[in-house]
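Notes follow once the structure below has been shown.
Please treat every number below as a calculation from the coordinates, not as lab data. As the structure is a computational prediction, the values presented were derived from the model and not from experiment. Cβ atoms come from the backbone with ideal geometry, glycine included; neighbour counts cover every protein chain shown.
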Ligand SMILES: Cc1ncc(COP(=O)(O)O)c(C=O)c1O
């Protein structure tokens, strides 16, 4: 606290990211949903080549990257917005499109950054409860509100809605913006991007942090019809003209274009998730059906806090949320088979 703080700063409850230990040797890091594999070698080569351009400002419109994303998703380049991680894309979305008199609706258990953005931008919101199976029930969104925001697959449950359900929601609420945060969609869920052409009330947000193994590069994007993208550009150009540096732009283009690496890596992670789910179930865990690169699991005989602390003491980091309704759960990122093996061996000592 300081007398120089503006009132909004005094009222903020900032997001707390998962731990990034300084010393990573010997640690099995399954706490922040990073990809356990290195990014495509094409990304590293593209970044090395871009170093020559560091003297210059980067392209403020990230034209080549937006074209690469548009080609991959079959949309027009001006239907693509890029930002410094999908967190920044989401932040601009909250400010540009989600601040209205009626409250924004999102699930009570979802990405914990959403209420933080509401606090920052003064947006009223209602947290809509998940059902007893921790699923989103679309009928629960038939209540007063200005817009709907869903993470699909949801985080931290990993449970996804099919594309058809998103289309039902869009049809049911044609006058509400529906934002779908697809940070984890590449691990087995259906993207809503093909619905953009016929729904002017849909904005889809994705990231290169998870399925492209580029959390450190900070690249995210949104796809939507032109008026929505224009709103994001207006906020971006009133905030920072150059959110993506030239290394990030070049690396991201190479990542989007390397489909062989992408398909191979996501298949490996999906296969490891299935083995991890079976191994956890065999230890007595109740594991939610995940379509993400993490699983959400609880053990009937051990508390989430106790297990997370026991794992941590043995060099295995997972995420535990001290929040009513989910405090018995652990969110475990799918690592390599070797990392998952160490997690399971360690849990065997604890349960
Ligand atoms: C649901 C969800 N959305 C968005 C993000 C932000 O990802 P990034 O800013 O790395 O693109 C995360 C990160 O964990 C997430 O879990």
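Give the residue, chosen from 196, 205, that is crowded, with 20+ Cβ neighbours inside 10 Å, farther than 20 Å from residue 84 by Cβ and touching a helix residue (DSSP H, G or I) at 6+ places or on another chain (Cβ under 9 Å).
196
Which members of the range 160-189 meet the condition of being over 18 Å from residue 75 (Cβ atoms) and within 13 Å of the ligand (Cβ to nearest atom)?
Correct list: 160, 183, 184, 187, 189.
Between residues in the range 155-176 that are touching a residue at least 40 places away in the same chain (Cβ under 8 Å) and residues that are within 16 Å of the ligand (Cβ to nearest atom) and in a helix (DSSP H, G or I), which pairs lie under 8 Å by C-beta distance while being six or more apart or on different chains?
160/185
For a quick check of your reading of the model, give me the residue pairs whose first member lies in the range 81-103 and is on the phi > 0 side of the Ramachandran plot, whose second is outside any helix (DSSP H, G or I) and within 15 Å of the ligand (Cβ to nearest atom), with beta-carbon atoms closer than 8 Å and at least 6 apart or on different chains.
Note: pairs meeting the criteria are 85/207; 85/209; 85/218; 85/219; 85/220.
Among the residues of the range 140-158 satisfying the criterion of being within 16 Å of the ligand (Cβ to nearest atom) and assigned to a strand (DSSP E or B), which is nearest to residue 292 (Cα to Cα)?
If we take residues in the range 140-158 being within 16 Å of the ligand (Cβ to nearest atom) and assigned to a strand (DSSP E or B), then 151 is nearest to residue 292 (Cα to Cα).
Considering 67, 88, 52, which residue is farther than 20 Å from residue 177 by Cα and either within 16 Å of the ligand (Cβ to nearest atom) or touching a strand residue (DSSP E or B) at 6+ places or on another chain (Cβ under 9 Å) (or both)?
Among 67, 88, 52, only 67 is farther than 20 Å from residue 177 by Cα and either within 16 Å of the ligand (Cβ to nearest atom) or touching a strand residue (DSSP E or B) at 6+ places or on another chain (Cβ under 9 Å) (or both).
Among the listed residues 222, 255, which satisfies the condition of being over 20 Å from residue 93 (Cβ atoms), within 16 Å of the ligand (Cβ to nearest atom) and crowded, with 23+ Cβ neighbours inside 10 Å?
That would be 255, the only listed residue that is over 20 Å from residue 93 (Cβ atoms), within 16 Å of the ligand (Cβ to nearest atom) and crowded, with 23+ Cβ neighbours inside 10 Å.
Residues are listed down the side, and each one gets a yes or a no for (1) buried (at least 23 other Cβ atoms within 10 Å of the Cβ); (2) free of Cβ contacts under 8 Å to residues at least 12 places away in the same chain:
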position	(1), (2)
293	yes, no
305	no, no
317	no, no
321	no, no
324	no, yes
334	yes, no
337	no, no
345	no, yes
350	no, no
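Inspect all residues belonging to the range 42-53 and state whether any of them is touching a residue at least 60 places away in the same chain (Cβ under 8 Å) and part of a loop (DSSP other than H, G, I, E, B).
No; the residues of the range 42-53 include none that is touching a residue at least 60 places away in the same chain (Cβ under 8 Å) and part of a loop (DSSP other than H, G, I, E, B).
Hey, any hits in the range 87-104 for a residue that's surrounded by 12 or more Cβ atoms within 10 Å (Cβ to Cβ) and more than 28 Å from residue 143 (Cα to Cα)?
So far as the range 87-104 goes, yes, one or more of its residues are surrounded by 12 or more Cβ atoms within 10 Å (Cβ to Cβ) and more than 28 Å from residue 143 (Cα to Cα).
Out of the range 96-117, which residues are within 19 Å of the chain's Cα centre (by Cα) and not in a helix (DSSP H, G or I)?
Across the range 96-117, the qualifying residues are 98, 104, 105, 106, 107, 108, 109, 110, 111, 112.
Please pick out the residue among 136, 179 that is over 21 Å from residue 297 (Cα atoms) and outside any helix (DSSP H, G or I).
179
Would you call residue 75 more than 19 Å from residue 8 (Cα to Cα) and either part of a loop (DSSP other than H, G, I, E, B) or away from the ligand (no atom under 16 Å from the Cβ) (or both)?
Considered against the rule, which asks whether it is more than 19 Å from residue 8 (Cα to Cα) and either part of a loop (DSSP other than H, G, I, E, B) or away from the ligand (no atom under 16 Å from the Cβ) (or both), residue 75 comes out as yes.
So which residues in the range 190-210 are more than 11 Å from the ligand (Cβ to nearest atom) and within 17 Å of residue 72 (Cβ to Cβ)?
Those that are more than 11 Å from the ligand (Cβ to nearest atom) and within 17 Å of residue 72 (Cβ to Cβ): 190, 191, 192, 193, 194, 195, 196, 197, 204.
Can you name the residue in the range 308-346 that is part of a helix (DSSP H, G or I) and closer than 23 Å to residue 153 by Cβ and, of all such residues, is farthest from the chain's Cα centre (by Cα)?
344
If we keep just the residues of the range 1-40 that are in a helix (DSSP H, G or I) and without any contact (Cβ under 8 Å) to a residue 60 or more places away in the chain, which is surrounded by the fewest Cβ atoms within 10 Å (Cβ to Cβ)?
7
Only one of (1) without any contact (Cβ under 8 Å) to a residue 40 or more places away in the chain; (2) within 16 Å of the ligand (Cβ to nearest atom); (3) farther than 15 Å from residue 181 by Cα; (4) in a helix (DSSP H, G or I) fails for residue 120. Which number is that?
Unmet condition: (1).
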